[in-house]
Every structure is written in C-alpha cells, then in structure tokens.
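All remarks here apply to the structure that follows.
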Amino acid sequence: MSLNRDTIVDFLGSNLGVDTSQISDETPLFTNGNLDSFSMVDLVMMLETEGGFRMTPGEVTLDNLDSISQILGFLQTKLP
Amino acid sequence: MDKKRKGTIILGTPRSGSTLLRRLIDAHPNVCCPAETGVFTACGRFLRQHQIAENVPVGVLSGMAFAGVPETETLARLRELAFGLFTEVCDRQDAERWVSKTPHDIFYIDEIEQLCADHCNFIYLVRHGADVACSMVELNDKLGVHLPETHNYIRQHSAPLDAMAHLWIDATKRAERFARANSANTLRITYEELVESPRDTMSKVFDLLGQTTDGWSVDEALSGRENLGLGDWKTYQKDQIDAASVGRWKKLSDITQIRLAGILNPTLRMTEYEELPTRLAATDPEVRRRHEIGLLLQSSQAITT
C-alpha cells in the first residue's frame, strides 16, 4: 500500500472509525477528540509500516500528526 | 436433495463470492444463473410483515387473509410469478435449471423460506466474517452509497468495519438456522473452499443441480463475458480465481483485529472459522514499538490520555 492522502483517509475511516465525510485536511484529529491516544498509536504504526521508516522521538508530535495535511507534510520529509 | 427441482436460490451475504459462484454456474450448458435480478429480494419485501398492538401481523399475507384469500394461495401466486420469471430466462438460454443469485436475498431469508422452502433447492455460501466486513467497507466506498439494508448497522456503529461485522453476524445466524432447518435441500459451501478447490466445490454444486461437469470447466467459465448484468463489477475483471483475498482481515492493525474479535468471535466459532486474536502477541517486536510510541505520545506535552 503506498502512503498518500487516499490511503490515510481510508485508514482513518475503515480502521479508526473516523467519519471522513465530516472532516477536511485541516480538521484536528486528536485535539478535538476525533481520535484517542490508542488510535494515534495505530496511526503511527501504520505510517511506519507502510512508509518503511521509523519515527524519531522528536517526530512523534502533534505538529506532525494532528491533521491529514500535517501528516502529509511530515511524510514529504520522510518519503523519497 | 431433490435434484429434480428446477430452481435453486443462492443465499450469502454481499461480498461472499456469490458473483464468482454465479459465473461458474452460468457457464454450465444446462443451467442458467443470470446476474442479480432482485426477484426474491422483491418477494421478501412484498411479504415482510410488521407487528401492531397485540402482535397482530400487518402485511400482504394477513391483509389478503382478512379479504378471504388464504396465505397459502397468496404465496402460491407470488411463487408462480417469481419462478415463472426465472423459467422465462431459462427458456431463453435453452437451459434446464435456473439459479437465482442476488446477495440481498439473505436479508429476507425468513420470507424466502416461507415462500420457497419446499419448492426449490438452496446453496448457502458463507465466508469469514472479518473478510466480509473488510470487503463490504470497500464496496460501500466504491459504490459511493450505503446499501439500504446496511443503514441501520451504520447508524448504530461508528466504525464501518464494526457495522459490517454486525451485519454479517445477523445474516449468518439466520442463514445457519435456515440451513439446519432445510438441510435436505440446502448445500452449504464456503467461499474459501470455492476459491481454493473450485472444481471439487463446483462438483457438489452441480450435483445439487442434477448435472454433471461434462461440458464445463473452470477455465472456460472464467473466460466467458456473456450474460453480464447487475453486481458483476469486480469478479468479471479477472479470468482466474484469486484466493489472495482469503484472510485479508489479517492485514488489519492488531488493535482493529482485537476490537473485531470481541464482535465476531462467537459467530466465527459457531461457523467453524478461525477466530480473531484477542490479545497482542507478547513477543512481537511490534508490541514493544507500540509501547514505545505510547510513551512518546504521553511524554509529548500536548497529549494526555
């Protein structure tokens, strides 16, 4: 599975129970309660597994993970 | 089983392989299995009754009974219509037997049993519930709409996979009861055996239909593109049977599998399917990484559990 917007949205919807029709790329995922911390772990695991990289401690932050656009921005720094 | 009965109805939840099965059946020179006609689903909706005060049934059967037409007569008329339509299709294809395939039929299994149980044969097709749930979510995304029969489940369960898992449970419990009650004229097969041993499985199917496999082969069945219709969107993209989707649920995250286990495992156990894991593997490096990520998230000043 390649990591792109569609796969992230699909994962959020199918695996984490997010109503993706009600969110935009800028909608906060964690800070407004769409996801809990357990789901956040799931999300990070999925990004690492599918992206083939390991996030450093400094990268596991809301700045990189709290919205679809932030995740995509982070991925641009990690993926070739 | 009464191999002289002309008609057979396939019962199986959506995404259980019924389109593949119909494709394999329809290739037989003496059998016709058209694409989804919706005939028996329509019959089911026609017959579905509701209860009002003091459990009085309200619907066509009770209404016509009040008008002096016995239930048996109303059912006979409806059955004659439904069977007649399939006989028409059969005659057009110069076939001896007809088989009906419409996945939505399973949502009206009680009504179909009332209408047809003693008058035709049945093929009950079952697939692992977690694979069905995954495939149903994919189907809803592809179609861009939710099937009407799924609406109640989607309203009740926020996670699409959970909703489809519950749908599979309800439909499968009904179908298993039906198969036991009608064992004399019901063949139960699994999707997994169909894709892993198609020829052997189809031999059992054709035996139910009173046919041999003479003049039929899996390869020829899958090379055909005739008689396409509703519901044929995915299976007809391939000319080989692909068993890769068996066990697709194992690609779900551990947490999702554990969550679905709580929902599906009792019914998976009842249907003799592999159950989902109920806890993470203790020695899995992934477990340690999950724990580490959890600690990192907690140490991040913005995250509190």
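The values are calculated or read from the model by the stated rules, or taken from the named source; none is laboratory data. Note that this is a predicted model, so its numbers are computed, not measured. Using ideal geometry, Cβ is built from the backbone for each residue, glycine included, and neighbour counts are taken over all protein chains shown.
Of the helices (runs of 4 or more DSSP H) that lie entirely inside chain A, those containing 2 or more residues that are more than 10 Å from every other protein chain (Cβ to nearest Cβ) and more than 19 Å from B:SER299 (Cα to Cα) span A:5-14, A:37-51, A:68-78.
Just one of the listed residues (B:LEU115, B:LEU147, B:LEU125, B:LEU143) is touching a His at 6+ places or on another chain (Cβ under 8 Å) and away from chain A (no Cβ under 14 Å), and it is B:LEU147. Within segment B:12-28, being polar (S, T, N, Q) and buried (at least 24 other Cβ atoms within 10 Å of the Cβ) holds for B:THR13, B:SER16, B:SER18. Entry remark, segment B:1-11: residues being in contact with a Phe, Trp or Tyr (Cβ under 7 Å, 6 or more places away or on another chain) and either surrounded by fewer than 17 Cβ atoms within 10 Å (Cβ to Cβ) or closer than 24 Å to B:ALA133 by Cα (or both) number 2 in total. State whether one or more residues within segment B:181-199 are within 14 Å of chain A (Cβ to nearest Cβ), modelled with pLDDT of 95 or more and either buried (at least 17 other Cβ atoms within 10 Å of the Cβ) or in a helix (DSSP H, G or I) (or both). Scanning segment B:181-199 turns up no residue that is within 14 Å of chain A (Cβ to nearest Cβ), modelled with pLDDT of 95 or more and either buried (at least 17 other Cβ atoms within 10 Å of the Cβ) or in a helix (DSSP H, G or I) (or both).
If you check B:PHE40 against the conditions, is it in contact (Cβ under 8 Å) with a residue 24 or more places away in the chain and in contact with a His (Cβ under 8 Å, 6 or more places away or on another chain)? In short, no. In the set B:ASP162, B:ASP141, B:ASP91, only one residue is under 30 Å from A:SER14 (Cβ atoms) and without any contact (Cβ under 8 Å) to a residue 12 or more places away in the chain; that residue is B:ASP141. The residues in segment B:80-97 that are surrounded by 19 or more Cβ atoms within 10 Å (Cβ to Cβ), under 22 Å from B:TRP216 (Cβ atoms) and touching a Leu at 6+ places or on another chain (Cβ under 9 Å) can be counted, and the count is 1.
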